[in-house]
Amino acid sequence: MEVLQQYKNNVKSVAAPVYILGPTRKDLAEYYAGTEDGDICTNLSYLGKRGVYTTSGGLKIAYLSGIESSEGGTESNNEWTYGKADAIAVRDSCLASKANMGDFRGIDILLTSQWPFGMQDSVKDGSKLVSWLANAVKPRYHFCGLNDEFYESPPYRNLPDKNTQMELATRFVGLASFGNPEKKKNIYALSITPVEKMRVLELIQKTTDEIPSPYTDLSLLTETDHRSTADKKDDQYFYDMNTYDDNRRNNKRRSNDPANQGQKRTRPTFDQEKCWFCLSAGSIEKHLIISVGDHFYLALAKGPITETHILILSITHIQCAALLSEPQWTELVRFKKALAQFYADREQKVFFYERNFKTGHLQINAIGIDENVAWKIQHVLEDKGEEYSVQLEKVPALNAPSDLPERGPYFVAELPEGTVMLTRQMKGFPLHFGREIICADNLLNCEEKADWRQCNCTKEEEDEMVKKFRESFKPYDFTV
C-alpha cells in the first residue's frame, strides 16, 4: 500500500498508460478504494469489474474481473467475484453495436482474471462462465492470469452461431505472475488491427496449426435465447437442388405409407458446412471470389453462361434480399451500380435476377447483354412465363427490402430499362428459369447452357476467368 501511495502522491510516476482489472480477493479490494472515474493515479486506470473499453484506435477490449462466485447466483454484489448476469452483460455490450444478426465480427481482446474451464485439464478452478463468454464474443486474443503459468494455445476456430456465420479464430494466452522466480513469461506484446477495419477474408483465413474449439462439447450457460442445436439448424435453409427433390419424393412416399399416417413430416434442415455460398463455410470454392465488401461479395457463377456472369452473394447466411437490413441493402445497391457501369462501358446492359426458391442463401445473378438485343429481355421473359404457366407481374422499382415479398418464395427480375417483374407462383417453377431467359435463341442463343452443370469449367479455366474479371473490374470496385 505504501508503494502505491507514492504513485498517488506523484513521488513516482507510471511512464505509460496502464489499464488493470479488479481485485480477485477481498483483501485486495482496499487498493481500489477511492478511485475516481477509474483513475488510481496518473497513467494507471482501473477498467472496472466488467465492460467493454474501446481505444482511440478502434480496438475493442472486453473484460471481466475477479473470480466466479461460489454462491451460484446470477449476480455478485462485491468487486472480487462475478456471476451469470455479469458475463451476460459483457456479452450484450459486445453485441450492442450490431443491430443485425449475422453482422458480428467478434472483438479484438478479451481480458479475464480467471482461466476458462476446458482450456487445459491441469488448470484448477477454471470458470465455465469465462468459457461461455469467450465462446459468445469470439475474441481474436483472450488473455488471463491467476494460474501462475504461461500458456499460449494454437488458434482455435469458433463455431458459427446466430450472431455470426463466420468461423472466427481465437488465440488464448495465459500469463504467469509478475516477478515469478521461474521467470515464466508474464508480459505479451502484439500488434493488432481492429476487427472492424479488417477484410472478411483476413478474419476467416485459416492456419495450418489450428485446433478445434475447447468449448464445443461443454455444457455451458443456459439462458432464454440459448437454443438447442436442432433449433439453430432450423434457422437456415439451403437445399441442394437434387437433394431437395429427393427429400420431397421420399417424404411423399412416407406420407402415403399407412404406417406413417398422422406423423409430422421431417423438415429439411440447413448444414452450413455444405452451403455453397456462406463465405465462412468449408465447402465454398474461394477461388471463384472476385471482390469482398462488408456485407456482400462478388463471385464468378459456377457454370457461367459467359465469362462475365457474376453472382452477388451475402457474406453471412441470409435467405433473400427481402430480409436485408438498411446497411446491407445500401451495399447491395452499390455493387449493382458498379456492375451496371462495368457492363455499360462494354456496350452491354445488365440483367439482374434473384430466385428465392429451393435455395436458402441470397444469390443475385448479374450478366451483361449486348445493347442491340437487350430490349428483347422482357419479351423473352413473358414468353417463358407463358411456356411454364408462370404469371409475372410488373412491380415498382426496388428501392428497399420492403418492396419484395417478406414471406414465401419469389422470383424477381430487374430489366435494363428499369422494369421489374416478379412472381410468387412457384408451383412447378423451373429452377433454371433465369438462365433459360438469358440463353434463349433470340438473346444469347446458347440454350444448351441453361443447366449450369452443362457449363462446368476446369479450375484452371475458372482461375483465369476470375483473374481477368477482377483486373477489368478494378476501376469500378469500391472495396479496393
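Structure data summary
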| quantity | calculated |
| --- | --- |
| For residue 125, solvent-accessible area (1.4 Å; no DNA, RNA or ligand), Å² | 130 |
| Distance from segment 116-146 to segment 409-480 (C-alpha centre basis), Å | 47 |
| Residue-wise HN-Hα coupling along segment 352-364, computed from phi with Karplus coefficients 6.51, -1.76, 1.60 (Hz; x: Gly, Pro) | 10, 8, 10, 10, 9, 7, 6, 8, x, 10, 3, 9, 10 |
| Low-density loop positions, GluC sites (Glu not before Pro), segment 152-196 - DSSP coil, at most 10 other Cβ in 10 Å | 182 |
| Loop GluC sites (Glu not before Pro), segment 343-394 (other Cβ atoms within 10 Å of the site Cβ: 16 or fewer; DSSP) | 347, 371 |
| Shape call, segment 272-474: gyration tensor on alpha carbons, a/c limit 1.5 | rounded |
| Span from the segment 345-380 Cα centroid across to the segment 155-202 one, whole angstrom | 44 |
| Carbon + sulfur, % of accessible area of segment 272-474 - ligands and nucleic acids excluded, 1.4 Å | 46 |
| Spacing of the two label points (7 Å from each Cα toward its C-beta) at residue 454 and residue 333, in nm | 3.9 |
| Two-site FRET efficiency, residue 6 against residue 210, from Cβ-Cβ distance with R₀ of 51 Å, rounded to 0.05 | 0.65 |
| Within segment 395-480, trypsin sites (Lys or Arg not before Pro) in DSSP loop having at most 10 other beta-carbon neighbours inside 10 Å | 407, 427 |
| Calculated P(r) of segment 47-212 - Cα pairs past 25 Å, % | 30 |
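The values are calculated or read from the model by the stated rules, or taken from the named source; none is laboratory data. What you see is a predicted model, and the numbers here were worked out from it, not measured in a lab. As a convention, Cβ positions derive from the backbone with ideal geometry for all residues, glycine included, and neighbour counts pool all protein chains shown. Side chains are part of the model used for accessible areas, which takes the heavy atoms of the whole protein and leaves out ligands, DNA and RNA. Shrake-Rupley method; radii C 1.70, N 1.55, O 1.52, S 1.80 Å.
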